[in-house]
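Please treat every number below as a calculation from the coordinates, not as lab data. None of the values given here were measured: they were computed from a predicted structure. Quick reminder, even Gly has a Cβ in these numbers, built from the backbone with ideal geometry, and neighbours come from all protein chains shown.
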Amino acid sequence: MTEKQLLDAQRFSDIEHNLSVIRERVAQAAVKSGRKPEDVTLMAVTKTVAPEYINHAIRCGVDLIGENKVQEYLGKKPDLLPCEAHLIGHLQTNKVRQIVGEVSMIQSVDSVRLANEIAKRSLAAGITTDILAEINVGGEDSKSGIEWEKAEETLAQLAEIEGIKLCGLMAIPPVCENSEDARAFFLKMNRLFVDIRDKKLDNTDIRVLSMGMSSDYYEAILEGSTLVRVGSSVFGKRIY
Ligand SMILES: *Cc1c(COP(=O)(O)O)cnc(C)c1O
């Protein structure tokens, strides 16, 4: 074997091992939160990862992948095995046309303006695009997302737009020193999620609470996450 083949073999077996460890912890947290393991979806976040390794994760049974950038995803897509994909990174309105119809959900909708653009392009393509509203739960200037104070009002506006379907919420809480602090943000998100779900707004299908990454997916599930987005714990440290 060449050196590249040896390294790949190692990386493939790491990915397989990592996924089985993560699946086990996801299942444990789901049960601990009073749900079934299958109630929590594991997304493999594939930014910076080459298609051959993403495909290995898909072969290992990952049923959802997440990409941050439109260009990066569209560039890799022809080389990927069939797999459901969501966009999870900040989306500029001028990229909307290219991504509508290419992913099954856009998780990173952070303004009514962006939602209107997605709706317009979806209607033109004869489809409805499933979306999540990204909430800036920690009020951080460095992060995109709808302001916490404007969340309810904005969600009601999103629900009214034809061409998109609001399916839930997404958040990236601040980096926390300890798991208690992290859990407080996740709890806050879960309250908003339950609140909006119970309102049963027309034209919505509130079923996804996307929160939890490599460092905190266990805590996120304990607080009600239905979809965790895990990157580096699956594929190893990202090399940019
Ligand atoms: C990169 C990224 C993740 C995954 O982060 P890890 O810490 O590598 O698990 C999850 N969600 C979003 C929005 C990301 O950009």
For the chain, what log10 I(q)/I(0) values come out of the Debye formula at q = 0.17 1/Å, with one point per alpha carbon and no solvent? -1.31
Please enumerate, by chain and number, the lysines with C-alpha under 23 Å from the C-alpha of residue 36, excluding those fewer than 8 residues away in the same chain. 188
What aspartates and glutamates does residue 32 reach when the alpha-carbon gap must be under 13 Å and sequence neighbours fewer than 8 apart in one chain are set aside? 24, 219, 223
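Identify the chymotrypsin sites (Phe, Trp or Tyr not before Pro) of segment 110-201 meeting these criteria: DSSP loop state and at most 14 other C-beta atoms within 10 Å of the C-beta.
Here no loop site has a sparse enough neighbourhood.
When the expected Rg is taken as 2.2 N^0.38 Å, what fraction or multiple of it is the alpha-carbon Rg of segment 160-240? Walk me through the numbers on the way to the answer.
Details: Rg = 14.4 Å, N = 81, 2.2 N^0.38 = 11.7 Å.
Expressed relative to 2.2 N^0.38 Å, the Cα Rg reads 1.23.
How many percent of the alpha carbon pairs in segment 110-205 exceed a separation of 22 Å? Mind dumping the intermediate values first?
On the way: 1394 of 4560 pairs.
So the portion of pairs separated by more than 22 Å is 31 percent.
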What spacing in nm lies between the two simple spin-label points modelled at residue 84 and residue 178, each 7 Å away from Cα in the Cβ direction? 3.7
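Filter the GluC sites (Glu not before Pro) in segment 97-157 to those in DSSP coil with at most 14 other Cβ atoms within 10 Å of their Cβ, and list the result.
On the way: sites: 102, 117, 134, 140, 147, 149, 152, 153; in loops: 102, 140.
Those that pass, being in a loop and sparsely packed, are 102, 140.
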Rg(Cα) / (2.2 N^0.38 Å) computed for segment 109-162, rounded to two decimals: 1.19
Could you give P(r) for segment 193-240, binned at 5 Å from zero, as whole percent values over all Cα-Cα pairs? 5, 20, 20, 16, 15, 10, 7, 5, 2
